[in-house]
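Heads up, the thing below is written out as structure tokens.
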Amino acid sequence: MAKFLKVGKSKSELAKADAQVRETVQQILADVQERGDAAVRELSAKFDKWSPESLQLSREQIDEIVASIPKQTLEDIKFAQANVRRFAEAQKSALRDIEVETLPGVTLGHKNIPVNSVGCYIPGGRYPMVASAHMSVLTAKVAGVKRVIACTPPINGQIPAATVAAMALAGADEIFIMGGVQAMAAMGLGTETIAPVDMLVGPGNAFVAEAKRQLFGKVGIDLLAGPTETLVIADETADAEMIATDLLGQAEHGPTSPCSLITTSEKLAQETLVEIERQLASLPTADVARVAWEDNGIIILVDSLEEAVIEADKLAYEHVEVLTENPHYFLDNMTNFGALFLGPETNVAYGDKVIGTNHTLPTKGAARYTGGLWVGKFIKTCTYQKVKPEASATIGEYCARLCELENFAGHAEQAKLRVRRYGKTPVTK
């Protein structure tokens, strides 16, 4: 039976914080909806201390920024983007248009159509998330999206050059130095100078995630990406140093980031607790990672790998790292996860930054019903039908009866009209 050796904050504490975020976001969205560019500029000055002549970078500015980036940095960005592109292209190749004759004279099909415009948010702040440009902008372009705009906030009053370079290399059509809820509002609602997009994607803090939630419906979204979640599943073959390193390496994302361990070994659990404290003493980002661990860290002791699967699926975490003798057991048996990292040779940071899989993944239990951002998220699978005259008459007879069964007289008449027009035996109204 599963035993919790450590737990985090209560659900009521977390709900209170969520309510405050909802109210703040609602006010900002309403302001941008009413006042457009003026509101965006005021919010940018208030929250980001950023008031340039234009929030959008010109082509000349972008070229200058890319030229200023060190050669090694550009090569590293291109390496990561090549990996993301290869995997996205492979995923796209799995999406096929289809057309099939389901009955004589009845042809049904679907066509995969890219979304026309997408707004990508690339977080900044303490951690300028350069990799998010690859994951959102580049993936959208591989999908065939015609217009991709990208927003990222200034950092300490400066343009984040490496992030802008990554956006440009990924293929962004418009780049704005604009952060937070005001960026989401400008892209999703539109202003006098920014045409609204059809879809919003990308990770962000709690306010950005809430903005996406409130804008959903007006625009599509990839998913509601909340605080980064990391779960390590380990047996007695794992070591505490690696577990602690990989948990704290993700806990540094933010003070609300859950980082958890499920293990069959109580000895390993206790060693991990000690090792986490040892590493926190020297970790440069310990001020954030310690709060995340103390407030949100969980350790669950289980009796078997089968029970580990059950508990892991209950958590339905974003990242699940498997450090067991047979990691493929979890690939074969787990159903609720954003991304799996199998064996000690890989880790979440690889997925976050460079290996090619997308790092925008479901959180807060959403892995129960969705996967992460991928090329298919930017593509609409739209159906169509073509029917020959004789087949229309046959289908129409069935359709008319079924419509009448549901009291849809108008629906039934659509079918009967085709039977009268194309059938051999007249059907009365």
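The values are calculated or read from the model by the stated rules, or taken from the named source; none is laboratory data. Source: prediction; values computed, not measured. With ideal geometry, Cβ positions are generated from the backbone for all residues, glycine too; neighbour counts draw on all protein chains shown. We work out accessible area using only protein heavy atoms, side chains counted, and drop any ligands, DNA or RNA first. Shrake-Rupley method; radii C 1.70, N 1.55, O 1.52, S 1.80 Å.
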query: Within segment 211-241, can you find the residues that are closer than 19 Å to Pro258 by Cα, open to solvent by 20 Å² or more (accessible area, probe 1.4 Å) and at pLDDT 95 or above?
result: Glu241
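What about Val181, is it of a type outside the set (Lys, Arg), in a loop (DSSP other than H, G, I, E, B) and either modelled with pLDDT of 95 or more or crowded, with 24+ Cβ neighbours inside 10 Å (or both)? Break it down into steps so the answer makes sense when it comes.
Values: of a type outside the set (Lys, Arg): yes; in a loop (DSSP other than H, G, I, E, B): no; either modelled with pLDDT of 95 or more or crowded, with 24+ Cβ neighbours inside 10 Å (or both): yes.
It is false that Val181 is of a type outside the set (Lys, Arg), in a loop (DSSP other than H, G, I, E, B) and either modelled with pLDDT of 95 or more or crowded, with 24+ Cβ neighbours inside 10 Å (or both).
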field: Of the criteria (1) within 16 Å of Phe378 (Cα to Cα); (2) at pLDDT below 95, which one Arg126 fails
entry: (1)
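Table: residues versus (1) in contact with a Ser or Thr (Cβ under 8 Å, 6 or more places away or on another chain); (2) under 30 Å from Val291 (Cα atoms).
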| site | (1), (2) |
| --- | --- |
| Asp18 | no, yes |
| Val25 | no, yes |
| Ala45 | yes, yes |
| Glu53 | no, no |
| Leu57 | no, no |
| Glu75 | no, no |
| Lys92 | no, no |
- request: Please enumerate the residues belonging to segment 361-404 that are touching a residue at least 40 places away in the same chain (Cβ under 8 Å) and among the acidic types (Asp, Glu).
  value: Glu390
- request: Inspect all residues belonging to segment 341-364 and state whether any of them is modelled with pLDDT under 95, surrounded by 15 or more Cβ atoms within 10 Å (Cβ to Cβ) and on the phi > 0 side of the Ramachandran plot.
  value: yes
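Filtering segment 36-52 down to residues that are open to solvent by less than 80 Å² (accessible area, probe 1.4 Å) and free of Cβ contacts under 8 Å to residues at least 60 places away in the same chain, which residue is farthest from Ala195 (Cα to Cα)? Before the answer, list the steps.
From segment 36-52, those open to solvent by less than 80 Å² (accessible area, probe 1.4 Å) are 36-40, 43-45, 48, 50, 52; that's our starting set.
Of the ones still in play, those that are also free of Cβ contacts under 8 Å to residues at least 60 places away in the same chain are 38, 45.
Values: Ala38: 15, Ala45: 21 Å.
Out of the qualifying residues, it is Ala45.
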- line: Considering only helices (runs of 4 or more DSSP H) wholly within segment 193-295, the ones with at least 2 residues that are under 30 Å from Val375 (Cβ atoms) are 206-215, 240-251
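Scan segment 278-318 for residues that are hydroxyl-bearing (Ser, Thr, Tyr) and surrounded by 15 or more Cβ atoms within 10 Å (Cβ to Cβ) and jot them down.
Of segment 278-318, the ones hydroxyl-bearing (Ser, Thr, Tyr) are 282, 285, 304, 317.
Thr285, Tyr317 - these are the residues of segment 278-318 that are hydroxyl-bearing (Ser, Thr, Tyr) and surrounded by 15 or more Cβ atoms within 10 Å (Cβ to Cβ).
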task: Show the residue pairs that are 6+ apart or on different chains and have beta-carbon atoms under 6 Å apart, the first residue being within segment 254-277 and open to solvent by less than 10 Å² (accessible area, probe 1.4 Å), the second being of a type in the set (Ser, Thr, Tyr) and modelled with pLDDT under 95.
output: Ser257/Thr228
task: Working only within segment 136-192, note down all residues that are under 27 Å from Gly351 (Cβ atoms), of a type in the set (Ser, Thr, Tyr) and out of contact with any strand residue (DSSP E or B) (no Cβ under 6 Å at 6 or more places or on another chain).
output: Thr139, Thr152
Selected residue (criterion: farthest from Pro153 (Cα to Cα)) from residues of segment 1-35 that are open to solvent by 40 Å² or more (accessible area, probe 1.4 Å) and among the basic types (Lys, Arg): Lys3
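Among strands (runs of 3 or more DSSP E) lying entirely in segment 61-171, which contain 3 or more residues that are surrounded by fewer than 16 Cβ atoms within 10 Å (Cβ to Cβ)?
Hits in segment 61-171: 98-103, 106-114.
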